[in-house]
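Structure first, commentary second.
The values are calculated or read from the model by the stated rules, or taken from the named source; none is laboratory data. Since this is a predicted model, take the numbers as computed values, not measurements. Counting neighbours? That spans all protein chains shown, and the Cβs are built from the backbone with ideal geometry, glycine included.
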Amino acid sequence: MFVVDKQVSFKTQWDDSRYVDPSSVRITNIKYSNLSDYELNKIDVAAISNDINVQIASSKAREKSMAVLRLNPIVKQNGQFKKITSFTVNYGYTTNREQSKMLSITNSVLATGAWFKFKVEETGVHRISRSFLEDLGMNVSGINPANIKVYGHGGETLSLLNEQNNEFDLPETAIKVIGGEDGSFDSSDAILFYGTSTRGYSVENDSHINPYDDNSYYYITASGGPGLRVQELQEPSGGANEQINTFTDSQFHEEDEYTPAYVGRRWYGNRFDIESDQTYTFDVLNPVPGSDTEIIIRAGAISESATSLAVTVNGVSVDPIQFGATNDTQLLSDRDVDFVIPSTGQVVVNMTYNNAGNPSSKAYLDYIRVVSQRILQGGNGQFGFSKAGVELLSGIGQYTISNATEISEVWDVTERNNIRSKVNTEGAGSFTFKSLLGSKRKYVAVDAGDYLSPVMISNKTVSNQNLKGTLLRGSDGNFSDVDYLIVAPPYLLQPALRLAAHHKNVNGLEVKVVSVDKIYEEFSSGKQDISAIRNMVRYVYENASSEANRVKYLCLFGDNSIDNKDRLTDNINPLPIFHTLSSTSTVSSFMSDDFYGSMDINEGTIGGKTIDENGVLRNDVDLLDIAVGRILADDVLLANSLVDKIIAYESKASYGNWRNNFTLISDDVDEFYEFQSLQVNLDELGDEIESQKPFINVKKIHSDAFEQQSSAGGDRYPAVNAAIVENIEVGSLIVNYFGHGGEDGLAKEFIVTRDAAQNFKNENRFPCVITVTCEFTKFDNPERTTAGELVYWNPDGGAISLVTTTRSVTVSLGVEFNQEMAAQLFGFGTNDVSTPAEALRVSKNNIDNDLRRVIFYIGDPAMHLAFPKQRINITTLNDEPIESSTTVLQALSKVKLGGNITDENGTLLSTYNGVLEAKLFDKDVQRTTLGNDGVKGTDGALLVFDFKVLGSGIFNGQATVTNGKFEFEFVVPRDIQLPVGAGRLSLYAQKDNVLEDQTGYSLDLKIGGLNENAPEDNIGPEILLFMNDESFVSGGITNASPNLIAKLSDANGINTASGIGHDMIAILDGDESNPFVLNEFYQAAVDDYTNGETFYKFRDLEDGLHTLTFKAWDVYNNSTTAEIQFVVAGDDVLRLDRVLNYPNPFVSYTEFWFEHNRPGEPLDVQVQIFTVTGKIVKTINQQVVTPGSQSRDIVWDGRDDFGDKIGKGVYVYKISVKSTLNNKRVEKYEKLVIL
C-alpha cells in the first residue's frame, strides 16, 4: 500500500506466464481493521469510496510475465473508514490475448522520390494551388496529377498507448484533385485535403494544445504511383430511424505560458495576481433553443493558505473554485469545475481571484471549454461537426443541414485514408445524407468559398531517408540485429557516434545511432512527439530475429527540459521526456524515461492516468523491456567530455584497487522512523553486500556517528564532508547515499553540496553514484542546475553514472529499492554482473510501487561497472601453506605472503603477467552512532546503534605477478590493535598490456600482538616533495589545483595504520587545525615495501606563495617532516616562469625549458631564435602537454630554417606559449650561446 498526495492505493504483482482475464477477478475472505488517527491524517477522506474497485491485468518484461493487481485498500462502511488487511484473489485466464504483431521491415515512403513539406494552422479542408506547389519547389510541369499524394499524422499527439500506434511511417491522407483529368496540373487546378492543427481537445492530455509542438506538418509528393482519393460517400439503404439536425460543438480558451510548479506536462496561462479580475467571451453560432451549454474550467493556485476564484457566467454567480494551501511537496493546488447553463448566443465568463490577503498568492487558468448544442446550419463558411451520443445508438441516422446553399459537399473525415464525400450537386438549401449509427463519426461541411490555406515553411524540401529500411541492416545490406540504440539530436551526433564506435570496438556491440529529427520526420510527420521515439524503438524491438536478440540498451543522448516549446529563459530541450499529466506535486508529478523502454502491446500506461480510446483510465502496468539511460548533455563540448569519461573508465588508466571499494552513506536521524529505515537498513545492506561479495571493501559513513557542529547556516558535519571527499577521491566503484536531500545537495546538513560536486578530483576513479533521496538530479528545470547534474558533469572527477531520483521519493520505496538494486547491481549469486541500467530495469520490474518511475539511470546504459574478474588467492604465509599456518601477524614482524591468480574454476592462469595490489586492513572496528538530534525510541531511550567498520589500513603495496604467481613482504606497523583477530586482505591485479583485471580477498590472516624481538629502528623516513611532477623545484609556479607528490623511503616501511597522532599529514600555510590526512593516498612501490609514494590533489588554492609541511611516520613510529614552497598562479592567467635552455652554451643540441601553470593542458609553443640584430634564423612550433608544471619537450640542433648550421655566437630567443582552451598568450626572452 502506498499513499501519494493523500491518495491511497494498493498494488501487487506476481509471476504468471499465462494471460489473465481482467473480467474474471474476484476477491473474497476480506478482513478489515480500523484506521488510526495518524493514518486518517495521511489520506484524503473525501476521496474514499464505499466500494472496493479491483483490477487485474497481465504485463510482460522481456523474459518474464506477471499478473498485476490493484485495488483501493480503504473503504467507507457505515460511516467508518476501514482498511483491508488481507484477502484472497481468484481469477481466470483468457486465450484471446492481443499479441504484439511483428512489424514487417519495410522501406519508408520517404526512401525515394521528391518530397516537400508545409504546415497547417487550422483544422479543416485546405486548398493547394499550382502556385503553392511551385513555391514549394515542385516541378509542376512534369507531374502526373494522379500521382499527387499527401501524407501526415496531423497536429494531434500520437497516443501514449502502444496498442493505439499502428502507423510506423508517414500515413497517407485521401485527397481530392480538382482538374488534372488531362494529365497535367494547370493553374486552375487544385488539391483539397483535410488537415488538422495542433489545437483541439485531447482526452489523453486533458488539453486543447499539443504539449510537444505547435506545428502540424504535411508532406506532398508526385513521385511513385497513384495516391488515395476522396471517394463517394456510400449511404446505407433503408429509412432512417434517427433524424439529426444538431451537433455538439466545443470552443475553448487556453494558453500555455507558465509551469507554476515546474513539474508535469500541463501548462497554464492567464495568471491572476495583479490582474485579479479577468473576463472571457465565447460566441455560439446557431445555438439549439432550450438546450444546455456545458462549461468546464480548470485552474490552479499557489498559496500558503486556502484561496479561491469567484466565477460568474453571463452575470450569474456559480460556486467558486476553492484551492487548498500548497507546501514543499504539494506545489500547486489545481481544481476543475463543470456546470451547465441554458443555451445562449454568447457566454461571458468572469473570474476574480481572492488571495486571502496574501499578495504572494497566484492563480493560473488552465482552460475554459464551452460545449454547446448547435443547429446544423450553413451560412458561415466551412465547419466541422460531430454528434455526441451516436456511438450508443443503432440503425441509420439522417443528417440534415439547413441553409446549405453555400455547402458544396460534406466530407466524412473519421479515417484519414478513407475520406468519403457527398456533393451538394444542386446547391440545395436543405442538404441531407445518411450514415450508420453505432460509431462516432467526424464530418466537415465544405464551403467552396472558404477553403483554408496551407502555410509555407523555411525547410520546404525533404531529403530522402529510410530508418525503417536500414536500422536492422548491417553495412553489407543484410539483416542485422541491434544490441544498442542511441538517439541523439543532430548537433550531438558526433559524440554519440564516438560512443557507438567505442562499444563496437571494445565490447563488440551492434550499435545504431539515430538522429531524433529523422525519427520525427518518419514516425510523427516532422513534429516533436515522445511517442515517435518510442515507436521507432518498438519497431526495432519487434523486428529482432528472436526474442533473445531484441535490442537491450537504449541511450537518450541529450538533456531535457520541462519546457518542450522554449518558453523558459535559456531553455534547451534536445530530447523530450515523458511527464505525467499531473503537474502539482514533487511526488506524483514525475518524469520518466521508462516510457521509452516499455514495448508490449498493452503498455504505455506510465503514471496510471492514460486514457484509452474508450475513455477508460488505464492503471500503470508497464514493465521495462529495455535498459534505458540518458546522457545529460546539451552542447557538444559537454557531450564529448562525458564520452571521454566513459572511454577513460574502460581504459588502462582507470585500473586500480579502488575497484574493490563500495561506500555507503546514511543521513542522520531526525525522526523516529528514520532510525530503522535510513540507518539500520542501509547498514545491514552493507553487511549483506560484504557477505555476498566478500572481495568488496564496504566503507561506511553513517553521518550520525560523527560529531555534529552548529554553524550560522545550521547544523553541519564537516568530518562527514571530508570522509565523503576522501572516499570518492581514493576511489569507490559504487557510492550509495540514503537519506534526505534536494536539488542543492544531500541531507539538511549539506554533507554534499553543489560546490563539492564540482570539486571532486577523482580522475580515472569514477564511481556509480546512487542517491536514494529527493530531487537530487531534477534535471528538467533549465533555470536551476542540481547537485546531481554537477556530480555527473564534473570533467575531473565526480560520477561515471548516477542511479538517482528526479522527484521526491518515499522512505519505504527507498528501502525496497536499495534491497532490490543491490542484489542486481552486485550480482548476488553470480559473477556475470549486468550493467547498472539493466540492474535498474530488473529492480524496477520487481517493485510494484508506481513511484519507482522517479528513479533514473543517468549515463551510458550499455556500460558495465568495472568489477574485476575472479580470482586472486593467497596460498602461503611466510612460505607455509596458508591453510595450515598458525602464524599471527604481530606488530613489527616481517611478513611474506604468496599467492596465485586462477580462473573461476581454480585453474592457474599460467600466462598471467602483471602487477598485484595488496591492501591489508586491521580487524573490524565497532562503532556506535551518537544520536546527534536527540531522537528517542518508544521506550524513551536515545536511538543509537552499534555497527562495524573496516579496520585501519596496515599495508598498501604492490608486487609483480609472473606466470600467475606472486609474493610480497612488509613489516606490520606498531600501531595495530593488539588483541588477536581476523584481518581483511584485499587483492587486485591487472594484466600487462591488456584490459584485464582480477580481484580476490583473504580473511584467513590473524592480526595482533607485538613482536618483542623486532630489531631496533630509531630513524624516520626520508621524504622528497614535489608539486605536479618530479621536475618541480621548491618555489616554482603551479596551477590552483596542484598535485602533491611525496616520495617516501624507510628501511621498514611507512605507517598508514592511523595510530593516535601518527597519521601521515600535510599542513598548508601553517594551518595545523585543518591538516590533510593522507594515509589512504599512500602506496608502496612494486616489490619494495621500503619505498612508496603519496599522491594528493589540492583544489582551488588562492593565488600567491604557499608553504606545505609534510609529516610521515615509519612502522616503528619514527617521524620525519619535510617542507616545500610553491606559487599558485591561478587558472585564469597563463604564467610562464624559469625560462632557460640546457645545455647553454651548446654545440649541436639544447633543450628549451620553462615552467607554467597549466599541467595537463595542450599548449601551443613557439620558439624563435634571433641574431643580436633582430633577424629571425629559426622558428620552432610545437604543441606540448606536460603532467606537471615544467616542459622540457622542445629541442634544437643549432640549424636554421633551411637546415644549415648557424655560426657561433650569442643569440636571443623568444618563447611564446598560448592556451588552446582560452587562447591566452604569454612570452619571454632569453639568451643562448652556440660554441
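Select from region 395-421 the residues that are part of a strand (DSSP E or B) and hydrophobic (A, V, I, L, M, F, W, C) and write down the one among them that is nearest to G238 (Cα to Cα).
I396
Restricting the search to region 105-138, which residues are in contact (Cβ under 8 Å) with a residue 12 or more places away in the chain and over 41 Å from the mean Cα position of the chain (by Cα)? Working first, answer last.
We begin by selecting, within region 105-138, every residue in contact (Cβ under 8 Å) with a residue 12 or more places away in the chain; these are 105-133, 135-138.
Scanning region 105-138 gives V125, H126, R127, I128, S129, R130, S131, F132, L133, D135, G137, M138.
The conditions are (1) of a type outside the set (V, I, T); (2) surrounded by fewer than 16 Cβ atoms within 10 Å (Cβ to Cβ); (3) outside the structural domain of F385 (by TED's automatic domain parsing); (4) touching a residue at least 24 places away in the same chain (Cβ under 8 Å), and S515 fails exactly one of them. Which is it?
Just one mismatch for S515, condition (2).
Any idea which residue in region 889-919 is surrounded by the fewest Cβ atoms within 10 Å (Cβ to Cβ), counting only those that are under 38 Å from the mean Cα position of the chain (by Cα) and not in a loop (DSSP other than H, G, I, E, B)?
Pass one, region 889-919, residues under 38 Å from the mean Cα position of the chain (by Cα): 903-904, 914-919.
If we keep only those that are not in a loop (DSSP other than H, G, I, E, B) as well, we get 914-919.
Working: G914: 21, V915: 18, L916: 25, E917: 25, A918: 25, K919: 22.
Ranking the qualifying residues of region 889-919, first place goes to V915.
Quick one: would you say K778 is of a type outside the set (A, V, I, L, M, F, W, C) and either surrounded by fewer than 24 Cβ atoms within 10 Å (Cβ to Cβ) or assigned to a helix (DSSP H, G or I) (or both)? Spell out the reasoning first.
Details: of a type outside the set (A, V, I, L, M, F, W, C): yes; either surrounded by fewer than 24 Cβ atoms within 10 Å (Cβ to Cβ) or assigned to a helix (DSSP H, G or I) (or both): no.
In short, no.
Out of region 817-841, which residues are over 17 Å from the mean Cα position of the chain (by Cα) and of a type in the set (V, I, T)?
Hits for region 817-841 are T830, V833.
Only one of these conditions is not met by I847: (1) at pLDDT 95 or above; (2) assigned to a loop (DSSP other than H, G, I, E, B); (3) β-branched (V, I, T). Which number is it?
(1)
Quick one: in region 1058-1074, which of the residues that are without any contact (Cβ under 8 Å) to a residue 60 or more places away in the chain and in contact with a helix residue (DSSP H, G or I) (Cβ under 8 Å, 6 or more places away or on another chain) is surrounded by the most Cβ atoms within 10 Å (Cβ to Cβ)?
Residue satisfying both the conditions and the ranking: M1064.
Does region 1127-1150 contain any residue that is charged (D, E, K, R), in contact (Cβ under 8 Å) with a residue 24 or more places away in the chain, over 18 Å from N1079 (Cα atoms) and out of contact with any strand residue (DSSP E or B) (no Cβ under 8 Å at 6 or more places or on another chain)?
Yes, region 1127-1150 contains a residue that is charged (D, E, K, R), in contact (Cβ under 8 Å) with a residue 24 or more places away in the chain, over 18 Å from N1079 (Cα atoms) and out of contact with any strand residue (DSSP E or B) (no Cβ under 8 Å at 6 or more places or on another chain).
Scan region 1147-1166 residue by residue and report those that are out of contact with any Ser or Thr (no Cβ under 9 Å at 6 or more places or on another chain) and either of a type outside the set (A, V, I, L, M, F, W, C) or at pLDDT 95 or above (or both). Even if it seems obvious, please write down each step before you answer.
Step one: list which residues in region 1147-1166 are out of contact with any Ser or Thr (no Cβ under 9 Å at 6 or more places or on another chain), which gives 1147-1151.
S1148, Y1149, T1150, E1151, listed by residue number.
Could you tell me whether region 463-471 includes any residue that is assigned to a helix (DSSP H, G or I), surrounded by 19 or more Cβ atoms within 10 Å (Cβ to Cβ) and modelled with pLDDT of 95 or more? Don't jump to the end; show me each part of the working.
Going through region 463-471, the residues assigned to a helix (DSSP H, G or I) turn out to be 467-470.
Narrowing the set further to residues that are surrounded by 19 or more Cβ atoms within 10 Å (Cβ to Cβ) leaves 467-468.
Remaining after also requiring modelled with pLDDT of 95 or more: 467-468.
Among the residues of region 463-471, at least one is assigned to a helix (DSSP H, G or I), surrounded by 19 or more Cβ atoms within 10 Å (Cβ to Cβ) and modelled with pLDDT of 95 or more, which makes the answer yes.
Could you list, in sequence order, all residues of region 1116-1137 that are within 30 Å of L1010 (Cβ to Cβ) and of a type in the set (A, V, I, L, M)?
Initial filter on region 1116-1137 (within 30 Å of L1010 (Cβ to Cβ)): 1116-1122.
Hit for region 1116-1137 is A1122, nothing else.
Please report, ordered by residue number, the strands (runs of 3 or more DSSP E) entirely within region 7-89 with at least 1 residues that are modelled with pLDDT of 85 or more and over 38 Å from the mean Cα position of the chain (by Cα).
On the way: elements: 7-15, 26-34, 54-61, 64-71, 74-77.
It comes to 26-34, 74-77.
Condition first: within 24 Å of the chain's Cα centre (by Cα), surrounded by fewer than 24 Cβ atoms within 10 Å (Cβ to Cβ), polar (S, T, N, Q) and not assigned by TED's automatic domain parsing to the domain that holds A959. Can you find one or more residues in region 609-617 that meet it? Please lay out each step first, then the result.
The first filter runs over region 609-617 and keeps only residues within 24 Å of the chain's Cα centre (by Cα), leaving 609-610.
Add one more test, that the residue is surrounded by fewer than 24 Cβ atoms within 10 Å (Cβ to Cβ), and what stays is 609-610.
Adding the requirement that they be polar (S, T, N, Q) leaves 610.
Retained after the next criterion (residues that are not assigned by TED's automatic domain parsing to the domain that holds A959): 610.
The answer is yes, given that some residue of region 609-617 is within 24 Å of the chain's Cα centre (by Cα), surrounded by fewer than 24 Cβ atoms within 10 Å (Cβ to Cβ), polar (S, T, N, Q) and not assigned by TED's automatic domain parsing to the domain that holds A959.
What pairs can you find where one residue is in region 1198-1217 and acidic (D, E), the other is assigned to a strand (DSSP E or B), and their Cβ atoms are less than 6 Å apart, with a gap of 6+ or different chains?
Cβ pairs passing all conditions: D1200/V1177; D1200/K1178; D1201/K1178.
So which residues in region 850-875 are in contact (Cβ under 8 Å) with a residue 60 or more places away in the chain, closer than 28 Å to S910 by Cα and assigned to a strand (DSSP E or B)?
Result: K869, Q870, R871, I872, N873, I874.
Take residues that are of a type in the set (S, T, Y) and without any contact (Cβ under 8 Å) to a residue 24 or more places away in the chain and tell me which of the strands (runs of 3 or more DSSP E) falling wholly in region 638-711 contain 1 or more. Walk me through how you get there before you give the answer.
Working: elements: 661-666, 697-702, 709-711.
Strands (runs of 3 or more DSSP E) meeting the threshold: 709-711.
When you scan region 935-1032 for strands (runs of 3 or more DSSP E) that lie fully inside it, which ones turn up with 2 or more residues that are of a type in the set (S, T, Y)? Working first, answer last.
On the way: elements: 946-949, 953-961, 965-971, 984-991, 997-1002, 1006-1010, 1022-1027.
Answer list for region 935-1032: 984-991, 997-1002.
Run down N41, N29, N78, N53 and say which single residue is surrounded by fewer than 11 Cβ atoms within 10 Å (Cβ to Cβ) and touching a Leu at 6+ places or on another chain (Cβ under 8 Å).
Details: N41 fails: touching a Leu at 6+ places or on another chain (Cβ under 8 Å); N29 fails: touching a Leu at 6+ places or on another chain (Cβ under 8 Å); N78 fails: touching a Leu at 6+ places or on another chain (Cβ under 8 Å).
Matching residue, one of N41, N29, N78, N53: N53.
If a residue must be closer than 25 Å to D328 by Cα and either in a loop (DSSP other than H, G, I, E, B) or not assigned by TED's automatic domain parsing to the domain that holds N727 (or both), how many such residues does region 798-824 contain?
Looking only at that region, the number is 5.
Name the residue that is farthest from K761 (Cα to Cα), counting only residues in region 1075-1126 that are part of a loop (DSSP other than H, G, I, E, B) and either in contact with a Ser or Thr (Cβ under 8 Å, 6 or more places away or on another chain) or free of Cβ contacts under 8 Å to residues at least 24 places away in the same chain (or both). Spell out the reasoning first.
Going through region 1075-1126, the residues part of a loop (DSSP other than H, G, I, E, B) turn out to be 1075, 1078, 1087, 1098-1103, 1115-1118.
Right, trim to either in contact with a Ser or Thr (Cβ under 8 Å, 6 or more places away or on another chain) or free of Cβ contacts under 8 Å to residues at least 24 places away in the same chain (or both) and you get 1075, 1078, 1087, 1098-1101.
Values: P1075: 18, L1078: 15, D1087: 28, F1098: 8, R1099: 8, D1100: 11, L1101: 14 Å.
Applying the filter and picking the extreme gives D1087.
Answer yes or no as to whether R416 is within 22 Å of G195 (Cα to Cα), touching a strand residue (DSSP E or B) at 6+ places or on another chain (Cβ under 8 Å) and surrounded by 15 or more Cβ atoms within 10 Å (Cβ to Cβ). Don't jump to the end; show me each part of the working.
On the way: within 22 Å of G195 (Cα to Cα): yes; touching a strand residue (DSSP E or B) at 6+ places or on another chain (Cβ under 8 Å): yes; surrounded by 15 or more Cβ atoms within 10 Å (Cβ to Cβ): yes.
When the stated conditions are applied, R416 passes them.
For residues that are over 9 Å from K527 (Cβ atoms) and either surrounded by fewer than 21 Cβ atoms within 10 Å (Cβ to Cβ) or not small (G, A, S) (or both), tally how many sit in region 208-222.
Within region 208-222, the subset over 9 Å from K527 (Cβ atoms) is 208-209, 211, 218-222.
Next, only the ones that are either surrounded by fewer than 21 Cβ atoms within 10 Å (Cβ to Cβ) or not small (G, A, S) (or both) stay: 208-209, 211, 218-221.
Of the residues in region 208-222, 7 are over 9 Å from K527 (Cβ atoms) and either surrounded by fewer than 21 Cβ atoms within 10 Å (Cβ to Cβ) or not small (G, A, S) (or both).
In this structure, is N602 of a type in the set (S, T, N, Q), more than 19 Å from Y484 (Cα to Cα), in contact with a strand residue (DSSP E or B) (Cβ under 8 Å, 6 or more places away or on another chain) and assigned to a loop (DSSP other than H, G, I, E, B)? Spell out the reasoning first.
Numbers: of a type in the set (S, T, N, Q): yes; more than 19 Å from Y484 (Cα to Cα): yes; in contact with a strand residue (DSSP E or B) (Cβ under 8 Å, 6 or more places away or on another chain): yes; assigned to a loop (DSSP other than H, G, I, E, B): yes.
Answer is yes for this residue.
Looking only at residues that are of a type in the set (D, E, K, R) and surrounded by fewer than 24 Cβ atoms within 10 Å (Cβ to Cβ) in region 1022-1057, which one is farthest from the chain's Cα centre (by Cα)? Don't jump to the end; show me each part of the working.
Taking region 1022-1057 and keeping what is of a type in the set (D, E, K, R), we get 1022, 1029-1030, 1047, 1050.
Then keep just the ones that are surrounded by fewer than 24 Cβ atoms within 10 Å (Cβ to Cβ); that gives 1022, 1029-1030, 1047.
Numbers: E1022: 49, D1029: 38, E1030: 41, K1047: 42 Å.
So, considering only residues that are of a type in the set (D, E, K, R) and surrounded by fewer than 24 Cβ atoms within 10 Å (Cβ to Cβ), the one farthest from the chain's Cα centre (by Cα) is E1022.
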